[in-house]
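For reference, the structure is listed below as structure tokens.
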Amino acid sequence: MLGEVADLLLPRYCAGCGEPAERWSVLCARCRRLLARPPQRVFPKVAVPAPVFALGPYADAHRGVILAMKERNNLAVRAHVGAVLAAALEHLEVRGDIAVADALVPAPTRKANARARGGDPVRAVCEASGRTTCPALTLRSATADQAELDEVGRRANLQGAVHVRKLPAGSVVVVDDVVTTGATLEASVAALLARGVGVAGCVTLAEA
């Protein structure tokens with residue numbers, strides 16, 4: 001009875017597609033299947049000095065959960081995406097596509113964006129994966145929002161803008177939500193390598 005009343009007052013919709021989800025779930029069965037597909041190697045326009053893998057294209061369930069986390073303040077879905085990330089990392093490690101790393105490093109984000117989203121969603125997903133997470137990277141305060149820039153603008157915007165504020169212990173995997181041109185991953189990996197940090201690879205939730 002209480003569950004039926006809750007469904008009427010607070011209907012549960014899938015964070016991936018917006019359709020009604022199963023009771024007490026934030027994702028429908030179809031979106032869970034789409035998110036469970038194994039990650040694939042991708043090759044961004046900007047050459048990243050580490051292998052890059054994406055969990056899927058920036059469409060359907062992948063696009064939906066990213067927008068839910070970033071634009072709709074859906075905090076509940078972060079734990080589910082964390083489990084997806086954990087499975088993807090294990091898949092890549094078992095296949096030998098990436099070496100087992102000591103920690104995950106979330107790609108840097110603007111502080112204003114993180115505040116507006118109830119915290120950095122990429123960091124939250126990394127932590128929800130159960131892996132050691134080290135928020136090692138920070139952005140220069142004057143850095144513009146990458147979403148508003150083209151490929152050339154993105155690279156120029158990040159030139160010298162990514163800094164290592166805390167050295168991770170051991171090797172790392174850099175994690176981001178979407179890889180578009182690869183500029184953010186390039187700058188992140190370059191900053192870590194310059195400080196002597198080994199980067200096993202990069203994993204993103206989606207490729208645009």
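Brief remarks on what is shown
- Potential extension, A169-A208 segment - 0.36 nm per residue separation minus Cα distance: 10.9 nm
- Note on R23 and K111: their simple-model spin labels are 4.6 nm apart, each label 7 Å out from Cα toward Cβ.
- Within-15-Å neighbourhood charge of L89 [Cβ basis; K, R +1; D, E -1]: -2
- Backbone geometry of segment 119-127 corresponds, through the Karplus equation with coefficients 6.51, -1.76 and 1.60 at θ = phi - 60°, to 3J(HN,Hα) couplings of x, 5, x, 5, 4, 4, 5, 4, 5 Hz, x marking Gly and Pro.
- Neighbour-limited loop hits for chymotrypsin sites (Phe, Trp or Tyr not before Pro), segment 11-113 (at most 10 other Cβ within 10 Å; DSSP other than H, G, I, E, B): W24
- Every helix of 4 or more DSSP H residues in the chain counts as -39500 (n - 2.57), and over all residues that averages to -11000 deg cm²/dmol at 222 nm.
- Note on the chain: with a GNM built from Cα contacts shorter than 10 Å, the maximum mean-square fluctuation among G160, G119, G96 falls on G96.
- Rounded to 10°, Cα long-axis angle of helix 60-70 versus longest principal axis of the chain: 80 degrees
- Here K166 is the anchor, and the lysines within straight C-alpha reach of less than 24 Å, apart from those fewer than 8 places off in the same chain, are K111.
- Rounded to the nearest 20 debye, dipole of segment 37-207 from Cβ charges on Lys, Arg, Asp, Glu: 420 debye
- On the beta carbon distance between R30 and V94, with R0 = 35 Å, the FRET formula returns roughly 0.85.
- Extending 7 Å from the Cα toward the beta-carbon at both A79 and Y13 defines two label points whose distance is 2.2 nm.
- Mean Cα-pair separation over length for the chain, i.e. relative contact order, pairs under 8 Å, 6 or more apart, %: 24 percent
- Considering only E127, E90, E186, the Gaussian network model of the chain with Cα springs below 10 Å gives its largest mean-square fluctuation to E90.
- Using alpha-carbon coordinates, inclination of helix 183-194 to the longest axis of the chain, degrees: 50 degrees
Every number in this text was worked out from the coordinates using simple rules, so none of it is lab data. Just so we're clear, the structure is a prediction, and the values are computed from it rather than from any experiment. We place every Cβ from the backbone using ideal geometry, glycine too, and count neighbours over all the protein chains shown.
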